[in-house]
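Asker: Below is a structure I'd like to ask you about.
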Amino acid sequence: MTNSRIAGFYKLTLDEKLDALAKASEGTPPDFNLLTAQQADKMVENVVATHNLPLGIGLNFKINGADRLIPMVIEEPSVVAGASFMAKLARKGGGFYATTSAPEMIGQMQVLDVADTHAAKMAIYEERDNLLAEADTIDPILKKLGGGARDLEVRIIENSPIGKFLVLHLIYDVRDAMGANAVNTACEKLAPRIETLTGGRVHLKILSNLSDRRMARVRCRIPVEALAFGKAPPQGEKQASPETKSPRPLRGRAEGGGFSGEQVRDGIIEAYAFAAADPYRAATHNKGIMNGVDAVVIATGNDWRAIEAGAHAYAARDGKYTSLSTWGKDDEGNLVGTLEMPMAVGIVGGATKVHPTAQAALKLMNVKTASELAEIIVSVGLAQNLAALRALATEGIQRGHMSLHARQVAIAAGAEGGMVDKVAAQMVSEKVVRIDRAEEILREITA
């Protein structure tokens, strides 16, 4: 059984980390082979080399009662550490509880030059069963696995730059695939029949990345006492307002530099409220979610651009861009969070079967279905969202982030070996993390 709790993991050498992963997953060390230029040459055009990014391991995750070690590919400091620490806090409330809907994708057909759109709409619905049966013939293996065409939906677009036209949605269950190829092929197969039925012209035939029929949802509960850190005031302690001299709850940092669980909880909820109400804040709030989501999507060879497009479109589905997550408190005062978003990922086909690192990532997570993968990804997204909100609501986002960023700046300034940590530590202590200061410190140390 996998154990995602590996104490002191960040202190280990690279070889020691791989050994620890092997022991924690009760298997052989994961073989994160790099993609070769020869392999890449078969994937995209005009290949001359490959581009590598750091791959870290998200620790402490318990999802639906099972421990998961989660590969995350990202260049931004603090994301892996932040998500891992929030997963540790979430364990105290039982971990993450995630669900997914059926893996149904939407294929769109744009039908132009229709004389009577309402009559055409009825004609399509009258032939619904025959059209679905025809769409089912394109992939007999997918059909055998339980997938295939599920439904047809027809909409009339009344006002567009080119006037009125029909849009047909083919709902297609793609099982453990991302599904683009199957859906696009099915739409192309149905196009001639749709033209005959409507008397119109089928123009675009392509899937939608707003895959709101294929949703992933997750919730977590953080015990309020787990949120406290540093030297916090005694529970219930009040301080007087300078303006009114009347007691009020402590809202800022407590004497001694700590925060009570209630302060952290309320600060997180207040920060969420900002994102829920304001699209400018929501964009950055949701970017924090996607820091976690994209890192796992990339590690598993899935299409992170499709996931990003679907997530942001879903966040604006009611006509106003808003937060993908929600945060509040339960009757016992514990922090509770939820995240709901489209999650069209696969474990078969595409880069997931070609890229050696993607294969190793799926193996380490012990993922057997695309639904499992979606549940893992959305859980990491909620954990990373919590990490960002906690930092913003307490010490500020820069303290932890810049501490890690300082190492990169030190390396860029020319520091090597043990000098990296020395230069980074001095910049952090001075609260000046810039390459010019790193170069100055390096000269002073080596003089």
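The values are calculated or read from the model by the stated rules, or taken from the named source; none is laboratory data. Computed from a predicted model, the values in this text were never measured in an experiment. As a convention, Cβ positions derive from the backbone with ideal geometry for all residues, glycine included, and neighbour counts pool all protein chains shown.
Asker: Taking the stretch 281-329 only, how many residues are among the aromatic types (Phe, Trp, Tyr) and free of Cβ contacts under 8 Å to residues at least 12 places away in the same chain? Working first, answer last.
Answerer: Applying the first criterion (among the aromatic types (Phe, Trp, Tyr)) to the stretch 281-329 yields 304, 314, 321, 327.
Cutting the leftovers down to free of Cβ contacts under 8 Å to residues at least 12 places away in the same chain gives us 304.
Adding up the residues that qualify gives 1.
Asker: Pick from the stretch 303-333 the residues that are within 18 Å of residue 388 (Cβ to Cβ) and among the small types (Gly, Ala, Ser): which of them is surrounded by the fewest Cβ atoms within 10 Å (Cβ to Cβ)?
Answerer: Filtering the stretch 303-333 for residues that are within 18 Å of residue 388 (Cβ to Cβ) and among the small types (Gly, Ala, Ser), the one surrounded by the fewest Cβ atoms within 10 Å (Cβ to Cβ) comes out as 328.
Asker: Something else: Considering every residue within the stretch 378-399, establish whether at least one is touching a Pro at 6+ places or on another chain (Cβ under 6 Å), under 30 Å from residue 275 (Cα atoms) and not aromatic (Phe, Trp, Tyr). It would help to see each step written out before you state the result.
Answerer: Initially, the stretch 378-399 is screened for residues touching a Pro at 6+ places or on another chain (Cβ under 6 Å), giving none.
Scanning the stretch 378-399 turns up no residue that is touching a Pro at 6+ places or on another chain (Cβ under 6 Å), under 30 Å from residue 275 (Cα atoms) and not aromatic (Phe, Trp, Tyr).
Asker: Still on this structure, please answer the following. Given (1) within 27 Å of residue 353 (Cβ to Cβ); (2) without any contact (Cβ under 8 Å) to a residue 24 or more places away in the chain, identify the lone condition not met by residue 142.
Answerer: (2)
Asker: Just to be sure, is residue 114 in a strand (DSSP E or B) and more than 30 Å from the chain's Cα centre (by Cα)? Lay out the reasoning, then the answer.
Answerer: Values: in a strand (DSSP E or B): no; more than 30 Å from the chain's Cα centre (by Cα): yes.
Against the criterion (in a strand (DSSP E or B) and more than 30 Å from the chain's Cα centre (by Cα)), residue 114 does not qualify.
Asker: Going through the stretch 7-26 one residue at a time, which ones are in contact (Cβ under 8 Å) with a residue 60 or more places away in the chain and either over 20 Å from residue 301 (Cβ atoms) or of a type in the set (Lys, Arg) (or both)?
Answerer: Taking the stretch 7-26 as the starting set, the residues that turn out to be in contact (Cβ under 8 Å) with a residue 60 or more places away in the chain are 10, 21, 25.
Result: 10, single match.
The rows are residues; the columns are (1) under 30 Å from residue 392 (Cβ atoms); (2) surrounded by 13 or more Cβ atoms within 10 Å (Cβ to Cβ); (3) modelled with pLDDT under 95; (4) over 25 Å from the mean Cα position of the chain (by Cα).
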{"site": "23", "(1), (2), (3), (4)": "no, no, yes, yes"}
{"site": "26", "(1), (2), (3), (4)": "no, no, yes, yes"}
{"site": "29", "(1), (2), (3), (4)": "no, yes, yes, yes"}
{"site": "64", "(1), (2), (3), (4)": "yes, yes, no, no"}
{"site": "70", "(1), (2), (3), (4)": "yes, yes, no, no"}
{"site": "73", "(1), (2), (3), (4)": "yes, yes, no, no"}
{"site": "80", "(1), (2), (3), (4)": "yes, yes, no, no"}
{"site": "86", "(1), (2), (3), (4)": "yes, yes, no, no"}
{"site": "90", "(1), (2), (3), (4)": "yes, yes, no, no"}
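Asker: Here's another thing I want to ask about it. Looking at (1) part of a helix (DSSP H, G or I); (2) assigned by TED's automatic domain parsing to the domain that holds residue 172; (3) of a type outside the set (Lys, Arg), which one does residue 81 not meet, given that it meets all the others?
Answerer: So residue 81 meets the others, but not (2).
Asker: For residue 430, indicate whether it is without any contact (Cβ under 8 Å) to a residue 40 or more places away in the chain and either in contact with a His (Cβ under 8 Å, 6 or more places away or on another chain) or closer than 17 Å to residue 298 by Cα (or both). If you could, list the steps in order and put the result at the bottom.
Answerer: On the way: without any contact (Cβ under 8 Å) to a residue 40 or more places away in the chain: yes; either in contact with a His (Cβ under 8 Å, 6 or more places away or on another chain) or closer than 17 Å to residue 298 by Cα (or both): no.
No; evaluated as a whole, the condition is false for this residue.
Asker: Being over 30 Å from residue 228 (Cβ atoms) and touching a Phe, Trp or Tyr at 6+ places or on another chain (Cβ under 7 Å) is true for just one of 297, 348. Which residue is that? I'd like the intermediate steps shown before the answer.
Answerer: Working: 348 fails: touching a Phe, Trp or Tyr at 6+ places or on another chain (Cβ under 7 Å).
That would be 297, the only listed residue that is over 30 Å from residue 228 (Cβ atoms) and touching a Phe, Trp or Tyr at 6+ places or on another chain (Cβ under 7 Å).
Asker: Looking at the stretch 122-180, which of its residues are acidic (Asp, Glu) and under 33 Å from the mean Cα position of the chain (by Cα)?
Answerer: Matches in the stretch 122-180: 136, 139, 151, 153, 173, 176.
Asker: Out of all the residues in the stretch 173-228, which are acidic (Asp, Glu) and over 22 Å from residue 307 (Cβ atoms)?
Answerer: Step one: filter the stretch 173-228 for residues acidic (Asp, Glu), giving 173, 176, 188, 195, 212, 225.
Those that are acidic (Asp, Glu) and over 22 Å from residue 307 (Cβ atoms): 188, 195, 225.
Asker: I'm trying to understand the selection: among the residues of the stretch 340-375, which are touching a residue at least 60 places away in the same chain (Cβ under 8 Å), part of a helix (DSSP H, G or I) and either closer than 15 Å to residue 177 by Cβ or touching a strand residue (DSSP E or B) at 6+ places or on another chain (Cβ under 6 Å) (or both)?
Answerer: Matches in the stretch 340-375: 350, 351, 361, 362, 364, 365, 370, 371, 373, 374, 375.
Asker: To continue, here is another question. Taking the conditions exactly as written (under 21 Å from residue 348 (Cβ atoms), crowded, with 19+ Cβ neighbours inside 10 Å and out of contact with any Asp or Glu (no Cβ under 6 Å at 6 or more places or on another chain)), does residue 187 satisfy them or not?
Answerer: Working: under 21 Å from residue 348 (Cβ atoms): yes; crowded, with 19+ Cβ neighbours inside 10 Å: yes; out of contact with any Asp or Glu (no Cβ under 6 Å at 6 or more places or on another chain): yes.
Yes.
Asker: Separate question: Looking at (1) crowded, with 23+ Cβ neighbours inside 10 Å; (2) out of contact with any Phe, Trp or Tyr (no Cβ under 6 Å at 6 or more places or on another chain); (3) not polar (S, T, N, Q), which one does residue 362 not meet, given that it meets all the others?
Answerer: (1)
Asker: Test residue 155 against the stated conditions and say whether it is in contact with a Pro (Cβ under 7 Å, 6 or more places away or on another chain) and either in a strand (DSSP E or B) or crowded, with 21+ Cβ neighbours inside 10 Å (or both). Please lay out each step first, then the result.
Answerer: Working: in contact with a Pro (Cβ under 7 Å, 6 or more places away or on another chain): no; either in a strand (DSSP E or B) or crowded, with 21+ Cβ neighbours inside 10 Å (or both): yes.
No.
Asker: Right, next: Within the stretch 132-143, does at least one residue satisfy the condition of being in a strand (DSSP E or B) and of a type in the set (A, V, I, L, M)? Before you say what the answer is, go through the steps one by one.
Answerer: Step one: of the stretch 132-143, the residues in a strand (DSSP E or B) are none.
Checked against the condition, which is being in a strand (DSSP E or B) and of a type in the set (A, V, I, L, M), the stretch 132-143 yields no hits at all.
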